[in-house]
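Novice: Just passing along the structure, written as structure tokens.
The values are calculated or read from the model by the stated rules, or taken from the named source; none is laboratory data. The structure displayed is predicted, hence computed values, not measured ones. No Cβ is skipped: glycine too gets one built from the backbone with ideal geometry, and neighbour counts run over all protein chains shown. All accessible areas refer to the heavy atoms of the entire protein, side chains included, with ligands and DNA or RNA removed. Shrake-Rupley method; radii C 1.70, N 1.55, O 1.52, S 1.80 Å.
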Amino acid sequence: MKLPKELYNGVIILIGISLYFMLMEILGLANLYYLRLFNVLFVFYGTNRTLRMNYKRGKNLFASNAFSALATSLLGVFLSVLALIAYSYFQGGDAYLESLSKTFLFGGDPSIMTYSISLLFEGIVSAVIISFMLLLYWDNHLKND
């Protein structure tokens, strides 16, 4: 059974983000909040990969490509947030989260769910912006060829 390309590339986004954050933690860089911004590159890569696959297969309709791009990026973000929740509980729950939230944009003591929901909203916004940037790029790219 072949997985849909949106799910496959969403899992690639999850793997990329997970490995990146694990590497940051191993190197002791997890407290540098600005390095967390680079996770957008993995969403960009997975979404671009989906769109490239669509265009190679001759799927040039903007609406279907928009759905495909959004599905890929949102799946990647959603799976990454679920992985963060599981990892946070595995690392000690709220005690682990306190080390993350000190360097993030939260006041007080957010719970794992509060932290994760806010990251989910941030991820959804990023996914939508990235998807439409890539859709416009590919649409323009095809018109120029």
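Novice: Here are some residues: Asn65, Asn54, Asn60. Which one is at pLDDT below 95, assigned to a loop (DSSP other than H, G, I, E, B) and either farther than 25 Å from Met24 by Cα or in contact with a Ser or Thr (Cβ under 9 Å, 6 or more places away or on another chain) (or both)?
Specialist: On the way: Asn65 fails: assigned to a loop (DSSP other than H, G, I, E, B); Asn54 fails: assigned to a loop (DSSP other than H, G, I, E, B).
Residue meeting the stated conditions: Asn60.
Novice: Being open to solvent by 60 Å² or more (accessible area, probe 1.4 Å) and either of a type outside the set (Lys, Arg) or at positive phi (or both) is the filter here; which residues of segment 43-58 pass it?
Specialist: Answer for segment 43-58, where residues must be open to solvent by 60 Å² or more (accessible area, probe 1.4 Å) and either of a type outside the set (Lys, Arg) or at positive phi (or both): Phe44, Tyr45.
Novice: Something else now. Test Asn48 against the stated conditions and say whether it is over 12 Å from Ile17 (Cβ atoms), modelled with pLDDT of 95 or more and of a type outside the set (A, V, I, L, M, F, W, C). Steps first, answer last, please.
Specialist: Working: over 12 Å from Ile17 (Cβ atoms): yes; modelled with pLDDT of 95 or more: yes; of a type outside the set (A, V, I, L, M, F, W, C): yes.
Here the answer is yes, as Asn48 does meet what is asked.
Novice: Of all residues in segment 65-94 being more than 21 Å from Tyr45 (Cβ to Cβ) and of a type in the set (S, T, N, Q), which is most open to solvent (accessible area, probe 1.4 Å)?
Specialist: If we take residues in segment 65-94 being more than 21 Å from Tyr45 (Cβ to Cβ) and of a type in the set (S, T, N, Q), then Gln91 is most open to solvent (accessible area, probe 1.4 Å).
Novice: Continuing with this model, one more query. Does at least one position in segment 7-20 carry a residue that is without any contact (Cβ under 8 Å) to a residue 24 or more places away in the chain and β-branched (Val, Ile, Thr)?
Specialist: yes
Novice: If you don't mind, there's one more thing I want to ask. Of Thr103, Thr72, which residue is of a type in the set (Val, Ile, Thr) and at pLDDT below 90?
Specialist: Result of the check over Thr103, Thr72: Thr103.
Novice: Find the residue count for segment 8-31, including only residues that are loosely packed, with under 12 Cβ neighbours inside 10 Å and farther than 16 Å from Ala83 by Cα.
Specialist: Residues that pass the stated criteria total 3.
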